[in-house]
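Here the structure comes first, spelled out in structure tokens, and everything after it is commentary.
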């Protein structure tokens, strides 16, 4: 079996590396080595990991088209589910430590703080995508409609970067870094769709 | 394609070698990816411990009501105090400041004191260490919503100001932090204008709680905490307590301050700790004490209302935040 056909190996590799940051956070937490403000570290790292996995899911199509790594497609669901997993962890940290489980205060907080509203909205959009990630749901929705629904990832990722950008006090280096990557990933798609439209147009007219 | 059937058997990799090679490659990918992922995590995860390498400062005892300003509360560890710092000239990552400020040169040092004073002068480090030092344990509340209890060593700012004799027209005091992009290369990413500047009203500056700190935990200040000398105003948000001071200027008007210039809607000149006035992006009603998991209520004037509330009598603190 060639490397690109060994999807069991890919899955194991992606599964383990995706879980590794969470395991290391747990290990450091158990050893009391999450720094002076563990809550802040967990909040920030789970948030950043959500963005990282969102970016990785968006990287799959360009890598397939440019490098021909079609084997990546089979692992995209796992990457998306990891984005959701770290998003859930991020949200739970917020509810537990920022809100002290006073869930009734969340509504007011969403209303009062735009970056919370953007974060919540992006997370809410992730839920239907996680729910419809099973093979059965893909079949039920039909490939076309499923793909359309999952284009929400673009808006989720834009929302996520915006959410990060607004919360930093003044140093936007990291949010800027994510914004640039996102701009490249979405820009590439835009260029491709324009090229495709141009390519198709003459035949239509 | 048909050529493949003509490959001499001697050139076909034996199955065993092929499988070995595959096993080797897979192991290498496992090891490499694990190291890369863990390494990336480690780059961003906090450093474990900070050592106190300062030299001892002798202090004189003060009456209890002045020293026990947070006595019932647990003092934060040296590692917590010196391993978690907002010092944007070195890094905006609080866990990184200690390492980035390691080689910061704080000796020789001098503080220029001038403006509306009778006797402008410069104090070098030895002059500053001649002031009688006291130990003061204060609560420290950051505008970001975390807090600590810190055993400072220093002397009241009023002692220094009295030596230069402010004129009768002086109403405010402006402070400036040392700035050198060569020593502080990451300051380019700070996102704020530097040098860092801060200010107080003269009566705030003369208040007995307002300290010029030269140390903590009985030893000289670590670089990351604002060596060799910094301001400590315990009833205001931490960013008012300007670090590594090189200039103190008496003025007859409110001086500009870094954060209020950067974002006037979010940071005011006064920036008194106030649980009733929220930051536009987060609540100030509660705080997370470093070392504790839950949150605790934030106290008016950070618990020093008894000592300082009279300074703001008649002022609307929502207006003058």
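Residues in segment B:8-35 that are surrounded by 11 or more Cβ atoms within 10 Å (Cβ to Cβ) and either touching a helix residue (DSSP H, G or I) at 6+ places or on another chain (Cβ under 8 Å) or in contact (Cβ under 8 Å) with a residue 60 or more places away in the chain (or both): B:25, B:26, B:29, B:30, B:33, B:34. Inside segment B:152-183, residues that are within 19 Å of residue B:227 (Cβ to Cβ) and assigned to a loop (DSSP other than H, G, I, E, B) make up a count of 6.
Checked against (1) surrounded by fewer than 18 Cβ atoms within 10 Å (Cβ to Cβ); (2) more than 9 Å from chain B (Cβ to nearest Cβ); (3) under 19 Å from the mean Cα position of the chain (by Cα), residue A:17 passes all but a single condition, namely (2). For segment B:264-287, filtering for residues that are within 13 Å of chain A (Cβ to nearest Cβ), in a loop (DSSP other than H, G, I, E, B) and under 19 Å from the mean Cα position of the chain (by Cα) leaves 3.
Of the set (1) in a helix (DSSP H, G or I); (2) at the interface with chain B (Cβ under 10 Å from one of its Cβ atoms); (3) touching a helix residue (DSSP H, G or I) at 6+ places or on another chain (Cβ under 6 Å); (4) at pLDDT below 95, all apply to residue A:110 but (2).
Residues in segment B:186-196 that are in contact with a helix residue (DSSP H, G or I) (Cβ under 7 Å, 6 or more places away or on another chain) and surrounded by 21 or more Cβ atoms within 10 Å (Cβ to Cβ): B:196 only. Evaluated against (1) in a loop (DSSP other than H, G, I, E, B); (2) in contact (Cβ under 8 Å) with a residue 40 or more places away in the chain; (3) within 14 Å of another protein chain (Cβ to nearest Cβ); (4) surrounded by fewer than 20 Cβ atoms within 10 Å (Cβ to Cβ), residue B:293 falls short on exactly one condition, (2).
Check A:79, A:91, A:63 and return the single one that is away from chain B (no Cβ under 14 Å) and under 14 Å from the mean Cα position of the chain (by Cα). Exactly one of A:79, A:91, A:63 is away from chain B (no Cβ under 14 Å) and under 14 Å from the mean Cα position of the chain (by Cα), namely A:91. Could you go through segment A:23-36 and let me know if any residue there is more than 9 Å from chain B (Cβ to nearest Cβ) and in contact (Cβ under 8 Å) with a residue 24 or more places away in the chain. No: segment A:23-36 contains no residue that is more than 9 Å from chain B (Cβ to nearest Cβ) and in contact (Cβ under 8 Å) with a residue 24 or more places away in the chain. Please enumerate the residues belonging to segment B:164-200 that are under 28 Å from residue B:92 (Cα atoms) and touching a strand residue (DSSP E or B) at 6+ places or on another chain (Cβ under 6 Å). Of everything in segment B:164-200, those that are under 28 Å from residue B:92 (Cα atoms) and touching a strand residue (DSSP E or B) at 6+ places or on another chain (Cβ under 6 Å) turn out to be B:173, B:174, B:175, B:176, B:178, B:186, B:195, B:196, B:197, B:198, B:199, B:200. Looking across segment B:83-112, the residues that are buried (at least 23 other Cβ atoms within 10 Å of the Cβ) and touching a helix residue (DSSP H, G or I) at 6+ places or on another chain (Cβ under 6 Å) come down to B:83, B:85, B:87, B:89, B:90, B:91, B:97, B:98, B:101. When segment B:249-263 is filtered for residues that are away from every other protein chain (no Cβ under 11 Å) and either within 18 Å of the chain's Cα centre (by Cα) or part of a strand (DSSP E or B) (or both), the ones remaining, listed by number, are B:249, B:250, B:251, B:257, B:260. Sort out which residues of segment B:297-321 are out of contact with any strand residue (DSSP E or B) (no Cβ under 6 Å at 6 or more places or on another chain), surrounded by fewer than 13 Cβ atoms within 10 Å (Cβ to Cβ) and not in a helix (DSSP H, G or I), and write them in order of number. Correct list: B:313, B:314, B:315, B:316, B:318, B:319. Across segment A:14-41, the number of residues qualifying as modelled with pLDDT of 95 or more and touching a helix residue (DSSP H, G or I) at 6+ places or on another chain (Cβ under 6 Å) comes to 6. Among the conditions (1) modelled with pLDDT under 90; (2) surrounded by 11 or more Cβ atoms within 10 Å (Cβ to Cβ); (3) within 30 Å of residue A:17 (Cα to Cα), residue B:69 misses just one, which is (3).
Looking only at residues in segment A:124-154 that are out of contact with any helix residue (DSSP H, G or I) (no Cβ under 6 Å at 6 or more places or on another chain) and either under 16 Å from residue A:114 (Cα atoms) or not in a helix (DSSP H, G or I) (or both), the one that is farthest from the other protein chains (Cβ to nearest Cβ) is A:142.
Does segment A:82-101 contain at least one residue that is assigned to a helix (DSSP H, G or I) and more than 27 Å from residue A:20 (Cα to Cα)? The answer is no, given that none of the residues of segment A:82-101 is assigned to a helix (DSSP H, G or I) and more than 27 Å from residue A:20 (Cα to Cα). Can you tell me which residue in segment B:171-185 is farthest from residue B:304 (Cα to Cα), limited to those that are surrounded by fewer than 19 Cβ atoms within 10 Å (Cβ to Cβ) and touching a residue at least 24 places away in the same chain (Cβ under 8 Å)? If we take residues in segment B:171-185 being surrounded by fewer than 19 Cβ atoms within 10 Å (Cβ to Cβ) and touching a residue at least 24 places away in the same chain (Cβ under 8 Å), then B:183 is farthest from residue B:304 (Cα to Cα).
Taking residues in segment A:102-119 that are farther than 18 Å from residue A:167 by Cα, and partners anywhere that are at pLDDT 90 or above and surrounded by fewer than 16 Cβ atoms within 10 Å (Cβ to Cβ), the pairs with Cβ atoms closer than 8 Å and at least 6 places apart or on different chains are A:103/A:95. Report every pair of residues separated by at least 6 positions or lying on different chains whose Cβ atoms are under 6 Å apart, first residue within segment A:164-175 and on the phi < 0 side of the Ramachandran plot and facing chain B (nearest Cβ under 7 Å), second assigned to a helix (DSSP H, G or I) and surrounded by fewer than 16 Cβ atoms within 10 Å (Cβ to Cβ). So the pair list comes out as A:171/B:189; A:173/B:189.
Any idea how many residues of segment B:184-213 are more than 23 Å from residue B:307 (Cα to Cα) and under 17 Å from the mean Cα position of the chain (by Cα)?
Here the count works out to 12.
The values are calculated or read from the model by the stated rules, or taken from the named source; none is laboratory data. These figures come from a predicted structure and were not determined experimentally. Glycine gets a Cβ as well: all are built from the backbone with ideal geometry, and neighbour counts include every protein chain shown.
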